[in-house]
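Quick notes on the structure that follows.
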Amino acid sequence: MNSKLLLLHGALGSKAQFVKLKKELSTQFEVYELDFAGHGKKESTQDFTIDLFTTNAIEFLKENELDSVNIFGYSMGGYVALNLARKAPHCVAKIITLGTKFNWTKATAEQEMKMLNPEKIEAKVPAFANHLATIHGSDNWRKVLRKTAQMMYGLATGKKITTAELEQIEQEVLIGIGSNDKMVSIEESKESARALPNGKLEILADFPHQLERIDAAKLASIIEQFLLEAKT
């Protein structure tokens, strides 16, 4: 059994969002996590891209002398995990994603981008602005929002993982989608799981998109079950 597990955070997040989940998983796994470039306290002058975050993960694995790990990727982190399996398959054992968006079109990107305006967030949702400032720093959180919006538009205009590329990923992958997820559809999750040669879809009853609103023990149990089960 591969007992090493890497946790990859979502857009606007950081490794800090895994505190409760890591505690639950540490009884079964040797758990690692990292901040992608520009997130948390890890400042960066580079534009955000899935390839950049994939490189971050590869460098982290090299620094920690990890040859092959299981990966849990939340939202954008799941997208990075799949891109990592595609670009450096020797680094990845099994993958489980949760709330990962695959259907990137201009319309969906523009809808998400409207919600990533720092001035509007400060005016209308100051508590969220303060939360982001706590995570990324008072001088950096606005950059995180703008760069994330640019990355989403990039995904919608030619930089997303294609169905043909998903078909090349040989690892066992569990695509998890919450039944109450308002950002990611069950249909796009189902189509992606179907494209993966060893993909499996699991619809998680009553799970929303927001990781902070999901019971950590329940999520850990789902991750453990998938990672510990033998392939049939």
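The values are calculated or read from the model by the stated rules, or taken from the named source; none is laboratory data. All values reported here derive from a predicted model rather than from experimental measurement. Here the Cβ is made from the backbone with ideal geometry for all residues, glycine too, and neighbour counts use every protein chain on show.
Residues of the range 1-24 that are at pLDDT 95 or above, of a type in the set (A, V, I, L, M, F, W, C) and either in contact with a Phe, Trp or Tyr (Cβ under 6 Å, 6 or more places away or on another chain) or under 23 Å from His90 (Cβ atoms) (or both): Leu5, Leu6, Leu7, Leu8. Residues in the range 164-200 that are closer than 22 Å to Ala11 by Cβ, among the polar types (S, T, N, Q) and free of Cβ contacts under 8 Å to residues at least 60 places away in the same chain: Ser179, Asn180.
Looking only at residues that are surrounded by fewer than 19 Cβ atoms within 10 Å (Cβ to Cβ) and among the aliphatic types (A, V, I, L, M) in the range 162-189, which one is farthest from Ser75 (Cα to Cα)?
Ala164
In the range 121-194, counting only helices (runs of 4 or more DSSP H) that sit wholly within it, the ones holding 1 or more residues that are in contact with an Asp or Glu (Cβ under 7 Å, 6 or more places away or on another chain) span 126-136, 141-154. Within the range 13-37, the set of residues being assigned to a loop (DSSP other than H, G, I, E, B) and in contact with a helix residue (DSSP H, G or I) (Cβ under 6 Å, 6 or more places away or on another chain) comprises Ser14, Gln28, Leu34, Asp35, Phe36, Ala37.
When only residues in the range 57-76 that are in a helix (DSSP H, G or I) and touching a helix residue (DSSP H, G or I) at 6+ places or on another chain (Cβ under 8 Å) count, which is nearest to Ile214 (Cα to Cα)? Please lay out each step first, then the result.
Step one: filter the range 57-76 for residues in a helix (DSSP H, G or I), giving 57-63, 76.
Restricting the remaining residues to those that are touching a helix residue (DSSP H, G or I) at 6+ places or on another chain (Cβ under 8 Å) gives 57-58, 61, 76.
Details: Ala57: 25, Ile58: 28, Leu61: 28, Met76: 17 Å.
Selected residue: Met76.
For the range 77-111, filtering for residues that are within 16 Å of the chain's Cα centre (by Cα) and more than 21 Å from Gly178 (Cβ to Cβ) leaves 5. Checked against (1) under 24 Å from Pro197 (Cβ atoms); (2) in contact with a Lys or Arg (Cβ under 7 Å, 6 or more places away or on another chain), Thr100 passes all but condition (2).
Which of the residues that make up the range 83-114 are in contact (Cβ under 8 Å) with a residue 60 or more places away in the chain and under 18 Å from Lys4 (Cβ atoms)? Result: Ala85, Pro89, Val92, Ala93, Lys94, Ile95, Ile96, Thr97. Inspection of the range 198-207 identifies no residue that is under 17 Å from the mean Cα position of the chain (by Cα), in a loop (DSSP other than H, G, I, E, B) and of a type outside the set (Phe, Trp, Tyr). For the range 70-119, residues that are hydroxyl-bearing (Ser, Thr, Tyr), under 17 Å from Phe48 (Cα atoms) and at pLDDT below 95 total 0.
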